[in-house]
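I have placed the structure first, in the form of structure tokens, so that the comments after it can refer back to it.
All of the numbers you see were taken from the coordinates with simple rules; none came from a lab. Remember, it's a predicted structure, so these values are computed and weren't measured experimentally. Here the Cβ positions follow ideal geometry from the backbone for every residue, glycine too, while neighbour counts run over all protein chains shown.
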Amino acid sequence: MKMKKTDIGVVLFMYFVCGFFYYHMVKLKASSQTYPRFTIVLLFGLTTLYLIQMVIAAKKYGVESGVDSVFKDFQTAQFFVCLCATVLYLICIHLFGFYIPTVIFMAAIMLYLKVPPLYICITIVVIIALIYFAFQKFLGVKLPVGTIMKALNK
Amino acid sequence: MLDTLSLMGAGFLNALSPINLLMMAAGVAMGIVIGCMPGLSAAMGVALMLPMTFTMKAETGLIVLGAIYCGAIFGGSISAILIHTPGTPASAATAIEGYQMTLQGKAGKALFTACYSSFWGGLLSCISLYFFSPLLAKLTLKFMSAEYFWLSLFGLTIIAGVSSKSVIKGLMSGALGLLLSTVGLDPISGVKRFMPTSYFAEGINTTCALIGLFSMSQVFILAEKKIKERARATKFSDKMSLTREERRTIRPTIIRSWIIGNLIGILPGAGASIACFLGYNTSKQFSKHKELFGNGSIEGVAGSEAANNAVTGGSLIPTLTLGIPGESVTAVLMGGLIIQGLTPGPELFGKYAPMTYTFFAGFVLVQFFMLGIGLLGCRGFAQISRLSDAILIPCVTVLCFVGSYAIHKNIMDIVVMLSFGVLGYLMRKFDLNTAAVVLALILGPIGEKGLRNALRGSQGDFRVLFSSVVCWVLIILCVIGILSPIFMNRLEKKAEKEAISGTGEDLEKLTEEDSV
């Protein structure tokens, strides 16, 4: 099998993790270093082994980009809209509480993904009802109220 | 012996309480819905529902998770039969014969066969769960600190090796998880380690990591693909039943597949996706009507479905006794067990035996619910399987958010879940193993305590890690664990090739659904 260029990123990420944890580990007491040191050495060793395997594969079979296979049929706009909306949803939950951002988030995502309006309404009602009855009533989970809403209520 | 029998009896009495029965029905229905939707997996469903079990009694919580697990494995067959797309990889072989039967107007018969065989496969697998679990659990009484260290590594080598495309990448994922498990207060001296804030004092929340790695990452996988309209599920009008003769025909197939599925389940690392093809192939080999294979054989459907459901009971054995889950779903189930404050091993069959036997009894009863709900609700579930990804994306996201928030009612839990969702997505894109990370987060603290206590007892002498026979057995098992993927991959490839030979099926199409 050819070496994938995308795997260079994997190797670099693992080395970065090892470096990051090692930097913080050396500041710890000697006895607290034992297990983190063991895991860092393990990850470093395995990553190096993988790097060697990659080099051998590159010499034997050549190199390919890997991007095509990893991101085949990747819908860039759709993916990033969903990702950004999810992050925004998290921020809004923190500020405005659970229910209003949830309705807006669900409606926005489904409208963007071209779900018919009737289905959007049914889905939102079902999910909100499920959360209200299953989590809030049955399990007694207190859902986020939101910092702004809390301040306004005061 | 009498003690065990009385525990079994008491277990059934507890399991038959109204709340447990209600939860079984809800869990099975939820599992079937998750299983029949291509793109959602059993592990994802169990991870998503994990927070709902926090406030329940331990046995009820475990019964719900077990019900979702069994329901999801069976649910995969509905879409496999009606729309030729297996809901989970465990039903890939079912699609071969099941869809042919649908084309011939025998969808009802195919669904009945799947449900009936799944029921027997699952039910018979409970026998081994009852009888082998206590025996294996006793073995762990011999374990000391050093042995626990090696056991944690063995668990990782198995899951990291078998469920990854590359063994080294699987092991790298496990090592990454071990490293992440060191975040938080040192379990022995209480020193702060790698903690950006005091929120991480107790380490990374395993449930949030589970939901992120299995469920949220799946949302991103769905979001990156073009939203396609699912094939319309075939409406069927034939009766959902089998004649006495047909039932007699599939009986030996079910028994053979039960044995295969059960053994595959007990073997850590092998899963339902391998079992379904092996069950299917064996039914083909022993069939008196080989000409029907590829043209809609009920024996083929029975062979595959009995085998994949027989895995469920078997796979719980190493999970509950040794703390070594063989696949993603059981890794999540083990997370559920630990969250309830229970540790796999002899304690489950001693101090917590009533709870364990209630769970076992619940697992038996779940099979009956699966049969009833499966048969009655097949038509409805078939329509649900058409649910578009465009609807699933926001729904699963919201459930991930609520689920992770429900744990400590802390927004930071959602942040951790989302971070692990992104990490899980990237890991899956680059063929790293998310199940290994989860398992490492669970096993990491056990391994650390084992290593530190062993070294403390020997004044830092590393030879203590190699001082007993059990240690050496576990070291050898670790080596076997690393080498086993070579054997398992060959076995799976061979079984898949044999299954599709002469059927005109496209293997890649059957197994293309991206599930954890």
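What trypsin sites (Lys or Arg not before Pro) does the stretch B:144-225 have in DSSP loop regions with at most 14 other beta carbons within 10 Å? If you can, show how the numbers build up before the last one.
Working: sites: B:K165, B:K169, B:K192, B:R193, B:K225; in loops: B:K165, B:K225.
Within the stretch B:144-225, the qualifying trypsin sites (Lys or Arg not before Pro) (loop, at most 14 other Cβ atoms within 10 Å) are B:K165.
With both labels modelled 7 Å from their Cα along Cα-to-Cβ, the A:I148 to B:L13 distance reads 5.7 nm.
When only DSSP loop residues count, what trypsin sites (Lys or Arg not before Pro) in the stretch B:406-475 have their Cβ near at most 11 other Cβ atoms within 10 Å? Show your work: numbers first, answer last.
Values: sites: B:K409, B:R428, B:K429, B:K449, B:R452, B:R456, B:R463; in loops: B:K409.
Listed in order of number, the matching sites are B:K409.
Counting pairs of alpha carbon atoms under 8 Å apart in space and at least six apart in sequence, what relative contact order in percent does the stretch B:2-510 give?
On the way: 1040 pairs, mean separation 148.1, N = 509.
Across the stretch B:2-510, relative contact order equals 29 percent.
Which shape class applies to the stretch B:338-487: rounded if a/c is under 1.5, otherwise prolate when a/b exceeds b/c and oblate if not, where a ≥ b ≥ c are the square roots of the Cα gyration tensor eigenvalues? Could you put the intermediate results ahead of the total?
Values: a/c = 1.94, a/b = 1.55, b/c = 1.26.
Because a/c hits 1.5 or more and a/b exceeds b/c, the stretch B:338-487 counts as prolate.
Fewest neighbouring Cβ atoms within 10 Å first, the residues B:T4, B:T397 line up as B:T4, B:T397.
The distance linking the stretch B:320-344 with the stretch B:175-244 is 14 Å (Cα centroid to Cα centroid, whole angstrom). For the pair B:K192 and B:I255, a Förster radius of 45 Å applied to the C-beta separation gives a FRET efficiency near 0.20, rounded to the nearest 0.05. Once the C-beta distance of A:Q75 and A:T48 is scaled by a Förster radius of 41 Å, the resulting FRET efficiency is 0.70 to the nearest 0.05. Candidates B:W120, B:N295, B:S388 compared by Cα position along the dipole of the protein assembly as shown: farthest toward the positive end lies B:S388, with charges placed on Cβ.
Ignoring everything except DSSP H segments at least 4 long, calculate the 222 nm mean residue ellipticity for the protein assembly as shown; use -39,500 (n - 2.57) per segment, divide by total residues, nearest 500.
On the way: 27 runs with 474 residues, N = 670.
One gets -24000 deg cm²/dmol as the mean residue ellipticity at 222 nm.
Debye-formula intensities of the stretch B:2-510, expressed as log10 I(q)/I(0) at q = 0.11 Å⁻¹, are -0.89 (one equal scatterer per alpha-carbon, no solvent).
Rounded, prolate or oblate: which fits chain A when a ≥ b ≥ c are the square roots of the eigenvalues of the alpha-carbon gyration tensor, with rounded for a/c under 1.5 and prolate only if a/b beats b/c? Oblate, because a/c is 1.5 or more while a/b does not exceed b/c.
The GluC sites (Glu not before Pro) of the stretch B:133-242 meeting both criteria, a DSSP state outside H, G, I, E and B (loop) and at most 14 other C-beta atoms within 10 angstrom of the site's C-beta, are B:E229. Counting, for every residue in B:173-181, the Cβ atoms of other protein chains within 10 Å of its Cβ and taking the mean gives 6.
Using R₀ = 60 Å, calculate the FRET efficiency as 1/(1 + (r/R₀)^6) where r is the Cβ-Cβ separation of A:K29 and B:F368; round to 0.05.
Values: r = 56 Å, r/R0 = 0.93.
The formula returns an efficiency of 0.60 here.
Per residue of B:402-410, other chain Cβ atoms within 10 Å of the residue Cβ number 4 on average. Between A:A134 and A:Y119, the modelled labels are 2.0 nm apart [label points 7 Å from Cα along Cα→Cβ].
The ranking of B:L156, A:L49 from fewest to most other beta carbons within 10 Å of each one's beta carbon is A:L49, B:L156.
From most to least packed by mean Cβ count within 10 Å, the peptides A:112-120, B:250-258 give B:250-258, A:112-120. Taking label points 7 Å from Cα along the Cα-to-Cβ direction, B:S467 and B:N410 give a separation of 3.8 nm.
Under the shape rule built on the C-alpha gyration tensor, where the axes satisfy a ≥ b ≥ c, the protein assembly as shown is rounded, since a/c falls short of 1.5.
Place a point 7 Å from Cα of B:M144 in the direction of its Cβ. Which residues in the stretch B:337-362 have their backbone N less than 19 Å from it? Only B:346 pass the distance filter.
Under 19 Å from a point 7 Å along the Cα-to-Cβ line of B:V422: which residues of the stretch A:1-34 have their amide N that close? Output list for this probe position: A:9-18, A:20-21.
Cβ crowding within 10 Å ranks B:E448, B:E246, B:E97, B:E347 as B:E347, B:E246, B:E448, B:E97, fewest other Cβ atoms first. When you restrict to C-alpha pairs under 8 Å that are six or more residues apart and normalise by the size of the stretch B:222-319, the relative contact order lands at 36 percent. Straight-distance candidates among the lysines for linking to A:K2, with alpha-carbon spacing under 27 Å and chain neighbours fewer than 8 residues away dropped: A:K59, A:K60, A:K72, B:K165, B:K169, B:K225, B:K429, B:K493, B:K494, B:K497, B:K509.
Each eigenvalue of the Cα gyration tensor of the stretch A:3-70, multiplied by 5 and square-rooted, gives one semi-axis; in descending order these are 31, 12, 7 Å.
Under the criterion of Cα pairs below 8 Å and six or more residues apart, the relative contact order for the stretch A:76-153 equals 43 percent.
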